[in-house]
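Student: Below is one structure. I have some questions about it.
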Amino acid sequence: MEIFLQQLINGVTLGSIYGLIAIGYTMVFGIIGMVNFAHGDVFMLSAFIALLLLLLLTQVLGLPAGLAFVPVLFGAMCLTALWNFVIERVAYRRLRGSFRLAPLISAIGMSTFLANFVTVTQGPNNKSIPPLLDHIIPLTTGGAYDVTLSYKQILIVVVTAILLAAFWFVVQKTSLGRAQRACEQDAKMASLLGVDVNRTIALTFVIGAALAAVAGCLFLLQYGVVKSSDGFVPGVKAFTAAVLGGIGSLPGAVLGGLAIGLIETLWGQYFSSDYKDVAAFSILAITLIFMPSGLLGRPDVEKV
Amino acid sequence: MSAPQPLLSRAFKEASLAAVIVGGLSYPIIAFRAEPDFNNALALTSRWPLFFIFCGLGFGLRFLLTLWSGRPKAARGEAALALEKPGATSKNRWLAPLGLAALIAYPIVILVVLGPQAALKWVDTFGVQILLYILLGWGLNIAVGLAGLLDLGYAAFYAVGAYAYALLVPLTGLSFWALLPICGLLAAFWGFCIGFPVLRLRGDYLAIVTLAFAEIVRIVLVNWDVVTHGEAGLFGFPPVTFFGLPFIPGPRGFAAHFGLPFAAVHKLIFLYFVVLALALLANFVSIRLRRLPLGRAWEALREDEIACRALGLDTANIKLTAFALGAFFAGIAGCIFALRQGVVSPSSFTFNESATILAIVVLGGRGSQWGVALAAVLIVGASELLRELSFLKAIFGPDFDPAQYRMLLVGLAMVAMMNFRPRGIVSARQPTITLPPVGGRA
């Protein structure tokens, strides 16, 4: 029971990170109907940017690590957003109106490029930082296994919740969100009514990247280690989360993220940790085959 | 003539902006590198010269680009309008037989010119390897190029073929020639099993599901130690023989039988001709099928699935044949791979492998046989050449490993192709009638 509770906590933490990445997938899919395959690598890139900024602030400027975390978070968000803005501009913008698979193929190329760009510039090895914020709160004591909750885990869940609320507000209440939803429903009509479609799409990429950067920072905080091949598998899992939650639906993305995080940790605990990726990939296949609209998504209507 | 001055200043402005953006992109990731120091803690080393080179490149390229695109229209030349004339095809009539003759002569010429020892590398890496990728490219081309099914898990079928050979040889004792079609059929069967549930999905979902399946296959190969020996892989299966004659130095070997001096390259030359024959088979099958109703249906499906369904085509079955046939050729290629490598391990069948094969098809122009062959030569040849460029180490320092740039360039090439020449380096077969693009997503 204690182990189950502990894995539940770990799963929710991991799931929050997946959820943050999944929002990027789900938004881009919603607005231009494209699987942004490079998003997982944008997440990995943001973790690297955060790592470098953290080292820069702590080693060169001598800030304490706890204090440095906030500027690192903002710096990583801004720089990753710039990256994704340029990626959208360079790799995807020209492809609207090209044949259907063109953006996906371009995104696969971009994903390969990003993963190898980081390998080339930073080396293929694991980069680990000393643990930050490693206070823990024991939840149960005296049993065979002590369940603990760390400050990091609280921080991760709280940050995810706050960002989700803020983001929900943006999409539902602001003019940007309205423009986004309009483009999602009918880009051509929206542009006829004076919505700058290109700008809206670019902003969607920027927001998605900023959230991925938050996920990257939290990932670095929680696990303390990142390597250049870390974009692929979390990326596919976050995409699974987006699909499971119903692609195009924001609460669905977070819900799916939590579900994937929980399934992965529990599967790793009770079945086999070697095959824990198989669990996530199987869910992806099963969801797409049997329940393509996911938990909260609308059924996909094919327009002729 | 008021153009030059504003143009220059505009170019300068845009170039400065580009430099700032490149600077922002590369600020931490290029300007610094984190490496573990003696205490195993990460330490930063700065690379400011590299950073400024990148910013300068961004500035210079943008400056030139703005100047170039800002020139008056007439000065730019009409190169973009020079479309290929229909008459150009008559020239191609001699291309195929000539190319074939060159391919057949290639290993023999290499052997005669370079001698048996130096010929090894040329026949193996630039011969067998490139042909293997051409075979894979033509196989994937059936699914991606003809039927428009983006298969991101092609390496899984490749792996099925390779592992089928490596596992079945000790188990059944059958020869290579008997196992070759079995490997292909097994891979096709897997393609059928995987394709059956997923081919109802829309294009990009299909791509992701095939990717997921390929990863599952790879993870199983890594972890199912009892059968696959995990990361170490399978090895020790018997090498290829010339219809029963082994390629060994002794009196019962191939060389002695034909009165030739023994050379290791004989085996590779034989393998070369086997792959060549199989690649030509794949080519022949896809060219012939294209003219049959099935191939026509594939291409129609690629252009417009809804219209096909409206016309009463059984889209699921049509897709399934393309998918399984593509998988069949991957299985055959896997079999050859096992023979050539002598060892089969999961690390050969990662997503990078699928991406490389996909890049070959994309560069070749989804559907063009010539294009795919040319792209395979380009990609495999370029990555082999990168390995050879050791003199770059002298310029960039001992840490510089040119082979690392292979996948980086493959990725960039895919993005560039989609943006600038989505129909491939060799212009692809265009559908006979095209509609003007309607815009938006269909």
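Student: Spot the failing condition for A:L244; the list is (1) within 20 Å of the chain's Cα centre (by Cα); (2) farther than 20 Å from A:V35 by Cβ, and only one is missed.
Tutor: The failed condition is (2).
Student: How many residues, within the stretch A:53-87, are closer than 25 Å to B:A19 by Cβ, touching a residue at least 24 places away in the same chain (Cβ under 8 Å) and more than 12 Å from every other protein chain (Cβ to nearest Cβ)?
Tutor: 1
Student: Among the numbered criteria (1) assigned to a helix (DSSP H, G or I); (2) without any contact (Cβ under 8 Å) to a residue 40 or more places away in the chain; (3) over 26 Å from A:L52 (Cβ atoms), which single criterion is violated by A:Q180?
Tutor: Evaluating A:Q180 over (1) assigned to a helix (DSSP H, G or I); (2) without any contact (Cβ under 8 Å) to a residue 40 or more places away in the chain; (3) over 26 Å from A:L52 (Cβ atoms) leaves (2) as the failure.
Student: Is it the case that B:A102 is among the hydrophobic types (A, V, I, L, M, F, W, C), modelled with pLDDT under 80 and either part of a loop (DSSP other than H, G, I, E, B) or out of contact with any Asp or Glu (no Cβ under 6 Å at 6 or more places or on another chain) (or both)?
Tutor: When the stated conditions are applied, B:A102 does not pass them.
Student: Has the stretch B:191-211 got at least one residue that is of a type outside the set (D, E, K, R), part of a helix (DSSP H, G or I), more than 14 Å from chain A (Cβ to nearest Cβ) and within 24 Å of the chain's Cα centre (by Cα)?
Tutor: yes
Student: Which one is nearest to the other protein chains (Cβ to nearest Cβ), of the residues in the stretch B:219-233 that are under 12 Å from B:S348 (Cβ atoms) and at pLDDT below 85?
Tutor: Top of the filtered list is B:E231.
Student: Of the residues in the stretch B:16-58, how many are within 32 Å of the chain's Cα centre (by Cα) and facing chain A (nearest Cβ under 8 Å)?
Tutor: So the answer is 4.
Student: If you don't mind, there's one more thing I want to ask. What single numbered condition from (1) touching a residue at least 12 places away in the same chain (Cβ under 8 Å); (2) crowded, with 22+ Cβ neighbours inside 10 Å; (3) within 13 Å of chain B (Cβ to nearest Cβ) fails to hold for A:T26?
Tutor: With respect to (1) touching a residue at least 12 places away in the same chain (Cβ under 8 Å); (2) crowded, with 22+ Cβ neighbours inside 10 Å; (3) within 13 Å of chain B (Cβ to nearest Cβ), A:T26 is out only on (3).
For every residue, the table says whether it meets (1) modelled with pLDDT under 90; (2) touching a helix residue (DSSP H, G or I) at 6+ places or on another chain (Cβ under 8 Å).
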{"site": "B:L136", "(1), (2)": "no, yes"}
{"site": "B:G139", "(1), (2)": "no, yes"}
{"site": "B:A162", "(1), (2)": "no, yes"}
{"site": "B:W177", "(1), (2)": "yes, no"}
{"site": "B:L186", "(1), (2)": "no, yes"}
{"site": "B:Y205", "(1), (2)": "yes, yes"}
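Student: Could you say which residue among A:F48, A:F113 is touching a Ser or Thr at 6+ places or on another chain (Cβ under 8 Å), at the interface with another protein chain (Cβ under 8 Å from one of its Cβ atoms), assigned to a helix (DSSP H, G or I) and at negative phi?
Tutor: After applying the criteria, what remains is A:F48.
Student: Against the definition (assigned by TED's automatic domain parsing to the domain that holds B:L167 and either touching a Phe, Trp or Tyr at 6+ places or on another chain (Cβ under 6 Å) or under 27 Å from B:A162 (Cβ atoms) (or both)), how does B:G259 come out, yes or no?
Tutor: no
Student: Tell me the residue from A:L132, A:L95 that is surrounded by fewer than 24 Cβ atoms within 10 Å (Cβ to Cβ), modelled with pLDDT under 90, more than 7 Å from every other protein chain (Cβ to nearest Cβ) and more than 19 Å from the chain's Cα centre (by Cα), please.
Tutor: None of the other options fit; the residue is A:L132.
The values are calculated or read from the model by the stated rules, or taken from the named source; none is laboratory data. The structure displayed is predicted, hence computed values, not measured ones. As a convention, Cβ positions derive from the backbone with ideal geometry for all residues, glycine included, and neighbour counts pool all protein chains shown.
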